[in-house]
Amino acid sequence: MGRAYKMKGQKRKKKEDKYDKEEELEQLDEKKQVIDEMPGIPIAPQINGDNNKPGVTFIIEKASLEIGKVGKSYQLLSSDEHASYLLKNKRNPADYRPDIAFQAIQTILDSRVNESGRLKALYVRTQQCILFQIKPHARMPRTYKRFSVQLLQKLHITSAGNGEKLLRVIKNPVTQYLPINSRKIGFSHSSEKLVDMYDYVATINNELDLVFVVGAMAHGKIDKEYVEDYLSISEFQMSASYCISIITTSVERKWQIL
Ligand SMILES: C[S@@+](CC[C@H](N)C(=O)[O-])C[C@H]1O[C@@H](n2cnc3c(N)ncnc32)[C@H](O)[C@@H]1O
């Protein structure tokens with residue numbers, strides 16, 4: 001009996017091992033899916049931009065999109081909702097502003113540059129150096145709450161229409177995805193080069209693709225070696241979203257997009 005019991009036990013163990021392995025694989029698969037795609041966002045009708053015409057790429061740098069395990073659930077950390085959790089973990093709540101990236105993404109996707117099909121790509125790099133690519137025709141959740149839930153609790157955003165991946169994590173560095181014939185322009189209030197953005201954009205060669213790099217952090221400045229020109233476009237410090245709307249409006253005027 002003793003032996004039979006042992007055998008049974010061993011068999012069960014083997015089975016359990018198998019299930020453990022399968023479960024592990026399933027979890028890995030799930031994780032991979034989580035990284036590859038974010039299902040659930042309806043797809044907007046895709047406008048096929050004229051590929052021969054120059055376009056715009058945006059890079060949102062230093063986005064505060066960090067997940068933390070608060071209680072039993074994983075959440076997108078923000079100063080509004082998780083101040084005491086952050087203080088307990090010796091972090092400065094003021095650094096946790098995912099709403100800045102959320103608004104910046106909305107402003108870019110809502111722009112006429114995007115509506116007209118001239119937005120070629122949108123990349124978001126987090127403070128932890130995770131690089132996301134967001135498809136220009138992605139229809140992101142309109143409210144911050146839904147954005148945070150979909151982005152980091154479910155970690156699933158795909159198109160409801162055809163399952164296309166609208167947002168995915170891609171490999172660094174971002175420079176490998178940038179158009180070769182492009183002008184890379186960074187934005188910082190602290191730049192010594194204060195320009196009128198309409199005038200600046202108007203002087204750029206019409207054949208060039210434009211890459212704009214804007215920060216989505218509450219403090220500090222972007223400092224990227226691939227940026228060719230750093231501009232300040234106002235005496236005042238603005239939100240990333242407002243800065244982006246000045247950029248897109250300038251480009252829309254240059255390219256006569258109404
Ligand atoms: C909330 S601000 C970050 C604040 C940061 N102290 C700074 O000045 O860069 C977000 C982003 O908007 C852009 N920005 C804000 N005001 C700007 C200005 N006057 N000129 C150019 N870019 C500006 C920058 O890219 C900045 O990283």
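The values are calculated or read from the model by the stated rules, or taken from the named source; none is laboratory data. Remember, it's a predicted structure, so these values are computed and weren't measured experimentally. Cβ sites come from the backbone with ideal geometry, for glycine too, and all protein chains shown count toward neighbours.
So here's what we get for this one:
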| quantity | calculated |
| --- | --- |
| Selection status of residue 253, in contact (Cβ under 8 Å) with a residue 12 or more places away in the chain, more than 16 Å from the ligand (Cβ to nearest atom) and over 22 Å from the mean Cα position of the chain (by Cα) | yes |
| When residues of segment 216-242 are limited to those that are more than 8 Å from the ligand (Cβ to nearest atom) and touching a helix residue (DSSP H, G or I) at 6+ places or on another chain (Cβ under 8 Å), the one nearest to residue 184 (Cα to Cα) | 226 |
| Residues (within 21 Å of the chain's Cα centre (by Cα), within 13 Å of the ligand (Cβ to nearest atom) and closer than 19 Å to residue 205 by Cβ) located in segment 180-194 | 185, 186 |
| Tabulated pairs, segment 224-235, first in a loop (DSSP other than H, G, I, E, B), second more than 8 Å from the ligand (Cβ to nearest atom), C-beta under 6 angstrom, 6+ apart or interchain | 226/175; 226/184; 227/184; 228/184; 233/197; 233/246 |
| Residues that are of a type in the set (Gly, Ala, Ser), buried (at least 17 other Cβ atoms within 10 Å of the Cβ) and more than 15 Å from the ligand (Cβ to nearest atom), drawn from segment 79-112 | 111 |
| Qualifying positions in segment 178-213 - more than 21 Å from residue 256 (Cα to Cα), touching a residue at least 60 places away in the same chain (Cβ under 8 Å) and either small (Gly, Ala, Ser) or out of contact with any Asp or Glu (no Cβ under 7 Å at 6 or more places or on another chain) (or both) | 178, 187 |
| Residues of segment 96-145 classified as without any contact (Cβ under 8 Å) to a residue 40 or more places away in the chain and of a type in the set (D, E, K, R), total | 4 |
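Results for (1) at pLDDT 90 or above; (2) in contact with a strand residue (DSSP E or B) (Cβ under 7 Å, 6 or more places away or on another chain); (3) among the hydroxyl-bearing types (Ser, Thr, Tyr), shown as yes or no for each residue.
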| position | (1), (2), (3) |
| --- | --- |
| 140 | no, yes, no |
| 151 | no, yes, no |
| 158 | no, yes, yes |
| 176 | yes, no, no |
| 182 | yes, yes, yes |
| 189 | yes, yes, no |
| 195 | yes, yes, no |
| 237 | yes, no, no |
| 257 | yes, no, no |
